[in-house]
1. Only residues that are in contact with a helix residue (DSSP H, G or I) (Cβ under 7 Å, 6 or more places away or on another chain) and over 14 Å from residue 216 (Cβ atoms): list them for segment 166-187, please.
2. Looking at segment 234-242, is at least one residue modelled with pLDDT of 95 or more and under 17 Å from residue 43 (Cβ atoms)?
3. Can you confirm whether segment 230-238 contains a residue that is under 30 Å from residue 151 (Cβ atoms) and outside the structural domain of residue 159 (by TED's automatic domain parsing)?
4. For segment 179-210, enumerate the residues that are more than 17 Å from residue 226 (Cα to Cα) and surrounded by fewer than 19 Cβ atoms within 10 Å (Cβ to Cβ).
5. Filter segment 247-265 down to residues that are under 18 Å from the mean Cα position of the chain (by Cα), under 13 Å from residue 222 (Cβ atoms) and not in a loop (DSSP other than H, G, I, E, B), then give me how many there are.
6. Find all pairs meeting these conditions: Cβ atoms under 6 angstrom apart; at least six residues apart or on different chains; first residue within segment 139-150 and closer than 15 Å to residue 35 by Cβ; second residue at pLDDT 95 or above and loosely packed, with under 14 Cβ neighbours inside 10 Å.
7. State which residue is surrounded by the most Cβ atoms within 10 Å (Cβ to Cβ) when the search covers only segment 223-239 and only residues that are without any contact (Cβ under 8 Å) to a residue 24 or more places away in the chain and in contact with a helix residue (DSSP H, G or I) (Cβ under 7 Å, 6 or more places away or on another chain).
8. If residue 200 passes every condition in (1) without any contact (Cβ under 8 Å) to a residue 24 or more places away in the chain; (2) assigned to a helix (DSSP H, G or I); (3) out of contact with any helix residue (DSSP H, G or I) (no Cβ under 7 Å at 6 or more places or on another chain) but one, which one does it miss?
């Protein structure tokens, strides 16, 4: 997406969905309100801003704590907070996320993140099955309502992981046009190019995402991978260092430390 088009999209989103429009939020159906709460928290979690997510979820727990959307976001929070040597918290979060992946109201969201957890555990076949389940569920929602930005995003994210990259980018662009979190979309678009071996386009997509949110930790790790392929070791090391500053317990922290150590950093 060109910078001009990105600006147009951003302005369109701002015009059609003003921030802080309490009246519009009150008019949403209960499931949509709960999903909007979960989306906001998950956007922080995706960027590895765990404390921001916890503070927000705590503020919404009284009204939305019993909803599957909230419970999915809370499970992700527990998994990430527990990464700092709190195995019981991680295990509880993974169990709850697995349960939510079977709940039809949130299965596309939960299945996608459950696939990420399984992949981190080197359970590749099971991760692929979870991602495909997310694609199937999100695809059904998109077919029913193409303006469902959340469904478009998780369709796109699942398609990235199942290596259907052009389809993924189409869905992701529709997601951001519908108002979905822009850095999350840019992150996934960057991954779609990276996994396809299109290093410069991956780097450019991560650049766009980090221009919007310079504290989005995982994009630094993956942009570092693009820098490596572009023979820019200096930039790669800088990005890995920044990733560790923002997400010292992130899923790729061990890899980042190993590379920095081998480089004498």
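1. The first filter runs over segment 166-187 and keeps only residues in contact with a helix residue (DSSP H, G or I) (Cβ under 7 Å, 6 or more places away or on another chain), leaving 167-169, 171-172, 174-187.
Of everything in segment 166-187, those that are in contact with a helix residue (DSSP H, G or I) (Cβ under 7 Å, 6 or more places away or on another chain) and over 14 Å from residue 216 (Cβ atoms) turn out to be 167, 168, 169, 171, 172, 174, 175, 176, 177, 178, 179, 180.
2. Taking every residue of segment 234-242 in turn, none turns out to be modelled with pLDDT of 95 or more and under 17 Å from residue 43 (Cβ atoms).
3. The first filter runs over segment 230-238 and keeps only residues under 30 Å from residue 151 (Cβ atoms), leaving none.
No: segment 230-238 contains no residue that is under 30 Å from residue 151 (Cβ atoms) and outside the structural domain of residue 159 (by TED's automatic domain parsing).
4. 179
5. 0
6. If the second residue must be at pLDDT 95 or above and loosely packed, with under 14 Cβ neighbours inside 10 Å, no pairs are left.
7. Just the residues of segment 223-239 that are without any contact (Cβ under 8 Å) to a residue 24 or more places away in the chain, to begin with: 228, 231-232, 234-236, 238-239.
Filter once more, keeping what is in contact with a helix residue (DSSP H, G or I) (Cβ under 7 Å, 6 or more places away or on another chain): 228, 235-236, 239.
Details: 228: 17, 235: 16, 236: 21, 239: 24.
Of everything passing the filter in segment 223-239, 239 is surrounded by the most Cβ atoms within 10 Å (Cβ to Cβ).
8. Result: residue 200 fails condition (1) only.
The values are calculated or read from the model by the stated rules, or taken from the named source; none is laboratory data. Note that the structure is a prediction, hence the values are computed from the model and not measured. Using ideal geometry, Cβ is built from the backbone for each residue, glycine included, and neighbour counts are taken over all protein chains shown.
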